1. To check you understand DSSP bridge types, tell me what percent of the beta bridges within the chain (both residues inside) are antiparallel, rounded to 5.
2. Taking the solvent-accessible surface of protein heavy atoms with a 1.4 Å probe, what is the per residue accessible area of the chain in Å²?
3. Quick one: what does P(r) look like for segment 121-230 with 5 Å bins over all Cα pairs, in whole %?
4. Name the helices (complete DSSP H segments) of the chain with a Cα length along the long axis of 15 Å or more and a Kyte-Doolittle mean of at least 0.0, or state none.
5. Report, to two decimal places, the Cα Rg of segment 184-310 normalised by 2.2 N^0.38 Å (N = number of residues).
6. Which of L301, A61, S31 sits closest to the plus end of the dipole of the chain, meaning its Cα is farthest towards the positive end, when Lys and Arg get +1 and Asp and Glu get -1 on the C-beta?
7. Between V72, V13, V299, which gets the highest mean-square fluctuation from a Gaussian network model of the chain, Cα cutoff 10 Å?
8. So, in nm, how far is label S147 from label S242 when the simple model puts each one 7 Å beyond its Cα toward the Cβ?
Amino acid sequence: MRLGVLDIGSNTVHLLVADAHPGGRPLATTSHRTVLRLMRYLTPTGAISEEGVRALEDAVAEARETARREGVAELLATATSAVRDATNGELVIARIEEALGQPLQVLGGEDEARFTFLAVRRWLGWSAGQILLFDIGGGSLEIAAGSDELPERAASVPLGAGRMTVGYLPEDPPGEDAVERLRAHAAEVLSPVAAEFQALPRPDHVAGSSKAIRSLARLAGYPVPGWSGSERLLLPRQALGSWIPRLARLPASARQELPGITPDRTFQIVAGAVVLHTAMRTLDIDELEVSPWALREGVLLRYIEAMAWG
C-alpha cells in the first residue's frame with residue numbers, strides 16, 4: 001500500500017511517500033518539501049497573515065497533487081506548532097482542509113513528542129534501553145523519555161528554532177550578546193521540565209531527530225559505522241558549544257557554505273544550536289545520536305500498526 005504523510009510544520013510543508021505493508025519496514029519513495037518559515041508571517045497578535053495562509057494553501061495544494069501523481073492510496077495530514085499556536089488557528093485549519101480536500105489532524109505538543117518517540121524507538125530497537133529524545137522544530141522543542149514504545153514522559157516547550165530566531169536573534173548576524181539572552185531564556189524555560197526528566201532513570205541512549213539537529217551533527221559531530229552499512233551521526237555537546245560563537249558571528253549568507261547547513265536552515269541554525277546545547281547541558285547530556293526517523297515516520301508506523309491489527 002502506498003501511503004503519504006503530510007507534515008505541515010513551522011518551517012516546511014513536507015510530504016513523505018512510502019510503500020508499506022503490515023509487519024514490514026516502510027520504504028520511502030518520494031520526499032517533497034516546500035520551505036515556508038511561517039514565523040515570518042506572524043502578526044503582532046500571533047495570527048498567521050493572509051499572505052502566510054495563501055502560501056500554506058499553495059504548498060498544501062502542490063503536495064496534494066504530488067501525492068496524486070505518486071499514486072498515494074491514503075494521505076495522512078498533520079499540522080504542528082505553527083498552526084496549533086496561531087491565534088487564528090481555526091480559520092487557518094479550515095483553509096488548509098479546503099485546499100487539501102480532507103480533514104487535518106492538528107497534533108498537540110505532547111502527541112508530537114509521542115509519535116516522534118515511537119519512530120525513534122523503532123529505528124534504534126529495544127536494545128537501546130531507556131531513551132531520551134530531543135526534537136527541535138521551527139516552533140517548539142519536544143523532549144520525551146522512556147523504556148517502552150510510548151514515552152513515560154513527554155513535553156513540548158515553545159523553544160523552536162524559528163520562534164527563537166524571530167524573538168531573540170532577529171539581527172544578521174545576531175552577535176554574542178543576543179545569543180546569551182537566548183541561552184538564559186532557554187535555561188529558564190527548561191528548568192521545570194528538566195526536573196521531571198531527571199527524576200527518571202538515566203538514559204542508556206540519547207537521540208535527536210530533527211532536520212536542525214541533523215544539520216548541526218554534520219557540522220559539529222562525527223560519523224561512526226552503523227548496521228547494514230548505514231552511517232550513524234553522533235553530536236558531542238562540547239563540539240556543538242564550540243561552534244555557537246562562530247555561527248553567531250557569521251551572516252546567514254556565509255553559514256550556508258558550512259558543511260551540513262542547507263539554505264532553508266541557515267537563518268535559524270544559530271537559535272537551534274543554542275537551544276539544543278542548553279537542553280543537553282540542563283539534562284547533563286554529553287552526546288547524542290541522530291535518528292533519521294522522526295514525526296512523519298511515527299505517524300506512518302502508527303497507521304501501519306493499526307492496519308495490521310485490523
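The values are calculated or read from the model by the stated rules, or taken from the named source; none is laboratory data. Keep in mind that this is a model prediction, so the values were computed, not measured. As a convention, Cβ positions derive from the backbone with ideal geometry for all residues, glycine included, and neighbour counts pool all protein chains shown. Only protein heavy atoms, including side chains, enter the accessible area calculation; ligands, DNA and RNA are left aside. Shrake-Rupley method; radii C 1.70, N 1.55, O 1.52, S 1.80 Å.
1. Antiparallel: roughly 70 percent of the beta bridges in the chain.
2. With the other protein chains kept in place, the chain gives 43 Å² per residue.
3. 2, 10, 17, 20, 20, 14, 9, 6, 2, 0
4. Both cut-offs are met by 89-100, 269-282, 295-309.
5. 1.19
6. Of the options given, the answer is S31.
7. Largest GNM mean-square fluctuation: V72.
8. Label at S147, label at S242, 3.6 nm between them.
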